[in-house]
Amino acid sequence: MTLLLLGTVLLVAQPQLVPSHPAAPGPGLKQQELLRKVIILPEDTGEGAATNGSTQQLPQTIIIGVRKGGTRALLEMLSLHPDVAAAENEVHFFDWEEHYSQGLGWYLTQMPFSSPHQLTVEKTPAYFTSPKVPERIHSMNPTIRLLLILRDPSERVLSDYTQVLYNHLQKHKPYPPIEDLLMRDGRLNVDYKALNRSLYHAHMLNWLRFFPLGHIHIVDGDRLIRDPFPEIQKVERFLKLSPQINASNFYFNKTKGFYCLRDSGKDRCLHESKGRAHPQVDPKLLDKLHEYFHEPNKKFFKLVGRTFDWH
């Protein structure tokens, strides 16, 4: 589709919230100013063209993580709302240098076409654990609303391993058993990346340097699996969306063992890669995992002012 760059666009004024640590001026702020002067509109009305009046907008909401926390489920459920336009793929703009170096103009082209009243959402789970990302997002929009979905850190580690294992198996490549990755010389291998991704407290501290806690809504990923509707209601309120998603949009699929979605009479479930069974792990090793995360979890609960039903 041919894209036409127009010279100016009116911006809707938003109340400015003062972050705990303002970002230093740099290329990101210059890019932000550039985007104030650019809007992308469909030039033609041929097949595949956006409907009249729709544009590509920078996201007003980003699902920042966590990997294997339930980000895809959250995005699919949120997409049930008619006022939400979601980017189909993980964009990896703020964490991949080859993408970030292309600027916000490139980022904008990755967004879906949406109507003026719709909220544009993208999700890239790696953002939460990437050190540079909070400042970069803040440079783009300091008042953006962020969604973070978390689950039991130990379960998240097992799910992380399971995904990588299946990726290797599909490519007919060997992959070591989880015990070999988790243990080293009789102790937990703290260099294992999957462990680091579950240290929520350390990563959250970095985000709170740039965003107030009130701009980060934490979705309980374990509750979203067990009973999705109440969690989605909280998300709607956080995003100031009208209550459009109903309990009737969810039904439990006994075959798959998790909730699926019902939208306009059509049923759909997450991809078969979701909800895979975790490998059998020695109970003693699980105890080591729970013990390892015990203190970091307590620090995280104190940091965000709420508790979660984790081991």
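The values are calculated or read from the model by the stated rules, or taken from the named source; none is laboratory data. Here the structure is a predicted model, which means the values were calculated and not measured. Counting neighbours? That spans all protein chains shown, and the Cβs are built from the backbone with ideal geometry, glycine included. Side chains are part of the model used for accessible areas, which takes the heavy atoms of the whole protein and leaves out ligands, DNA and RNA. Shrake-Rupley method; radii C 1.70, N 1.55, O 1.52, S 1.80 Å.
Taking Cα centroids, how far is the range 171-211 from the range 101-163 in Å?
Taking the Cα centre of each part, the range 171-211 and the range 101-163 sit 20 Å apart.
Spelling out what I want: for every residue of the range 128-140, take phi, set θ = phi - 60°, compute 6.51 cos²θ - 1.76 cosθ + 1.60 (Karplus), and round to whole Hz; glycine and proline get x.
Along the range 128-140, the couplings run 4, 9, 9, x, 7, 5, x, 5, 5, 5, 4, 5, 6 Hz.
Using the C-alpha gyration tensor of the range 206-245, what are the square roots of 5 times its eigenvalues, in whole angstrom, with the largest one first?
Semi-axes, largest first: 22, 15, 4 Å.
Roughly how much of LYS173 is accessible, in Å² to the nearest 10, using a 1.4 Å probe?
110
Please compute, over every Cα-Cα pair in the range 58-98, the percentage with a separation greater than 12 angstrom.
65
Accessible area of ILE225, 1.4 Å probe, to the nearest 10 Å²?
Ignoring ligands and nucleic acids, ILE225 comes out at about 90 Å².
Send over the semi-axes of the range 157-311's equivalent ellipsoid, whole angstrom and largest first, taken as the square roots of 5 times the C-alpha gyration tensor eigenvalues.
Three semi-axes, in Å: 30, 25, 14.
Scaled to the compact-protein estimate 2.2 N^0.38 Å, what is the alpha-carbon radius of gyration of the range 254-311, rounded to two decimal places?
Relative to the 2.2 N^0.38 Å estimate, the range 254-311 comes out at 1.69.
So if I place +1 on the C-beta of Lys and Arg and -1 on the C-beta of Asp and Glu, and nothing else carries charge, what would the dipole magnitude of the range 204-250 be about its Cα centre? I want it in debye, nearest 20.
It works out to roughly 180 debye.
By accessible area of protein heavy atoms, probe 1.4 Å, what ranking do TYR100, TYR166 get, highest first?
Ranked list, largest accessible area first: TYR166, TYR100.
Using a Cα-Cα cut-off of under 16 Å, which lysines could be cross-linked to LYS123, ignoring same-chain neighbours fewer than 8 residues away?
Straight-distance partners of LYS123: LYS68.
With the other protein chains left in place, how much accessible area per residue, in square angstrom, belongs to the range 77-209 at a 1.4 angstrom probe?
Result: 42 Å² of accessible area for each residue.
Provide the descending list of Cα extents for the range 48-171 along its principal axes, expressed in whole angstroms.
46, 31, 31
Using a Förster distance of 25 Å, how high is the FRET efficiency between ASN167 and GLU97, based on the Cβ-Cβ distance and rounded to 0.05?
0.65
Looking at the calculated P(r) for the range 102-226, what percent of the C-alpha pair distances fall above 19 Å?
Counting pairs separated by more than 19 Å, the tail of P(r) holds 61 percent.
Sort ARG72, ARG268 by heavy-atom solvent-accessible area, probe 1.4 angstrom, most to least.
ARG268, ARG72
Would you list LYS256, LYS302 from the most to the least accessible area, probe 1.4 Å?
Per-residue accessible area, sorted high to low, gives LYS302, LYS256.
Can you report the principal axis dimensions of the range 167-249 using only the alpha carbons, biggest first, rounded to whole angstrom?
Ordered largest first, the range 167-249 gives principal extents of 52, 36, 22 Å.
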